[in-house]
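Here the structure comes first, spelled out in structure tokens, and everything after it is commentary.
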Amino acid sequence: MGLGLACRGLQTHSSMLLRVTPHRLGALLALVVVTLCPSRAPGHDASMSGGLFRTRDAGATWLPLNPGSFVSGALALAVSPVDPHHLLLATDTGVARSRNGGRDWVAEAPDILVGPAFAVTFDADGQHALVSGGSSIFHSDDGRWRRLRSPVGSTPARVLVAGSVRGRVYLAGRSGLYRSDDWGRSWVDVGGVLQAESASAVAVSRAHPDEVYAVVAGRCWASTDAGRHWQLRVDGLPRGGIQALALDPSDANLLWSIVADQVFRSDDQGRRWRPVGEPFPERPIVTRALAVMDRAIVMATDRGVYRSIDGGGHWALVSDNLPPHLEAGMLVRDPVDRATVYAGFALTPHEELARRAAEGGGTLSRIPLGKVARWLPFGVLVLLAAAAGVGRLARTYLAPLRSVPR
């Protein structure tokens, strides 16, 4: 009797599975794929996830520029200094390259640049590039990528910034601040005298090749000899620590910073600072980057992108076609057009992904969300196919059991 009850129960469930006909299976699969896969059209729905966006009018309007695959985190971007249409995008799933300003993308060395990429930069000649992965620095030479030796504890890098001299690059690592004059083949420690673990921001003057600024432990340091010697420049800044630092491309002496939810400006290379405009209306807020274009100021924050069009007098959260209240982790300026700026958003913040990579978290924790989203429809297909297969087996092998005496 027990066997008969078990068989009847299995027949009941198998009969339900048999109702999934090939036509229904195809329709259901199509519905799942359409639902889960993001649209490639630049509509508002595309802004509900992380990714890369561009403005050509100082932050008034934004256009999504994501690669065709799902991108849940745009972590860093490099714009070629000799060709502003040539882009390298570091994401939570690898690196993508575009040669037409973001209209089309191709995966860059997917067999070498595996997993999240945290920092990327072009050399001054625009021919070479560096990328920081979770545990290594990679060098591109004529399109061929190879692994480089990096200072112990420096990866994943917080920042890679190329100098205005060919071959020079600065690396702000998980620990330490370093300079290379041969495009990453060797490194010199230039942060030891600052007595801090790492720099949160690095800015290099384009007008003066040896002039570099670094934010260490929330304070601004300046060097006029490529990091060999440093001077502290915080006069006029309140306590609280600098969250973001930017050079003004229109004036080599002009610097901008964010401290204690307030914009500050220096007209003499950081020697003296003064507040600009009004404090942010939503406080506290964490600012990741800022860009200034005349009286327009754009900020990337942990709540999204904020913009002021009156020199910081009033602030507004930019929500049109941008992810609302999702962390904006970067702002990158076009080297030619001052009004063109790129913003990157991430479902999982850069710092959290970097922490996981540095700690060498479990396998599941290292699977990027974008990769899961791409494989989810395939997984659903496998499950549905398995269900249909069980139904066929039930029909073939359980039919004889109906004649078993009860």
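The values are calculated or read from the model by the stated rules, or taken from the named source; none is laboratory data. Keep in mind that this is a model prediction, so the values were computed, not measured. Virtual Cβ from ideal backbone geometry, glycine too; neighbours counted across all protein chains shown. Only protein heavy atoms, including side chains, enter the accessible area calculation; ligands, DNA and RNA are left aside. Shrake-Rupley method; radii C 1.70, N 1.55, O 1.52, S 1.80 Å.
If R0 is 30 Å, what FRET efficiency do you get for T224 and R149 from their C-beta distance, rounded to 0.05? Let's see the in-between values first.
Numbers: r = 29 Å, r/R0 = 0.96.
FRET efficiency, T224 to R149: 0.55.
How far is the Cα center of segment 73-116 from the Cα center of segment 168-199, in Å?
Result: 24 Å between the Cα centres.
At q = 0.26, 0.28, 0.30 Å⁻¹, what log₁₀ I(q)/I(0) does segment 139-190 have when each alpha carbon counts as one equal point scatterer in the Debye sum?
Here log10 of I(q) over I(0) equals -1.06, -1.18, -1.27.
Please compute the length gained on full extension between R272 and R103, using 0.36 nm multiplied by the number of residues separating them and subtracting their Cα-Cα distance.
Details: separation 169, 0.36 × 169 = 60.84 nm, distance 4.24 nm.
Stretched fully, the R272-R103 segment lengthens by 56.6 nm.
How far is it, in nm, from the label point at D189 to the one at E351 when both lie 7 Å from their Cα along the line to the Cβ?
Those two pseudo-labels are separated by 2.5 nm.
Under 15 Å from a label point 7 Å along Cα→Cβ of L317: give me every residue in segment 258-301 with its amide N that close.
Under cut-off, by backbone N: 280-287, 299-301.
From the backbone phi of segment 316-333, what are the Karplus-calculated ³J(HN,Hα) couplings (6.51 cos²θ - 1.76 cosθ + 1.60, θ = phi - 60°) in whole Hz, Gly and Pro given as x?
9, 6, 7, 10, 6, 6, 10, x, x, 6, 9, 4, 9, x, 8, 9, 10, 8
Using θ = phi - 60° and the Karplus form 6.51 cos²θ - 1.76 cosθ + 1.60, what ³J(HN,Hα) does each residue of segment 343-354 get, whole Hz, x for Gly and Pro?
Running phi through 6.51 cos²θ - 1.76 cosθ + 1.60 with θ = phi - 60° gives 10, x, 10, 9, 5, 10, x, 3, 5, 5, 4, 5 Hz.
What does the extension gain come out to for R295 and S135, with contour length at 0.36 nm per residue minus their alpha carbon separation? Intermediate values should be presented prior to the final figure.
Numbers: separation 160, 0.36 × 160 = 57.60 nm, distance 4.06 nm.
Separation in residues times 0.36 nm, less the Cα-Cα distance, equals 53.5 nm.
Got a sec to turn the phi values of segment 220-228 into Karplus ³J(HN,Hα) couplings, 6.51 cos²θ - 1.76 cosθ + 1.60 with θ = phi - 60°, whole Hz, x for Gly and Pro?
Running phi through 6.51 cos²θ - 1.76 cosθ + 1.60 with θ = phi - 60° gives 8, 10, 10, 10, 10, 10, 6, x, 6 Hz.
How do T93, T55 stack up against each other in accessible area, from largest to smallest, with a 1.4 angstrom probe? Could the numbers behind the result be given before it?
On the way: T93 35, T55 0 Å².
I get T93, T55, largest accessible area first.
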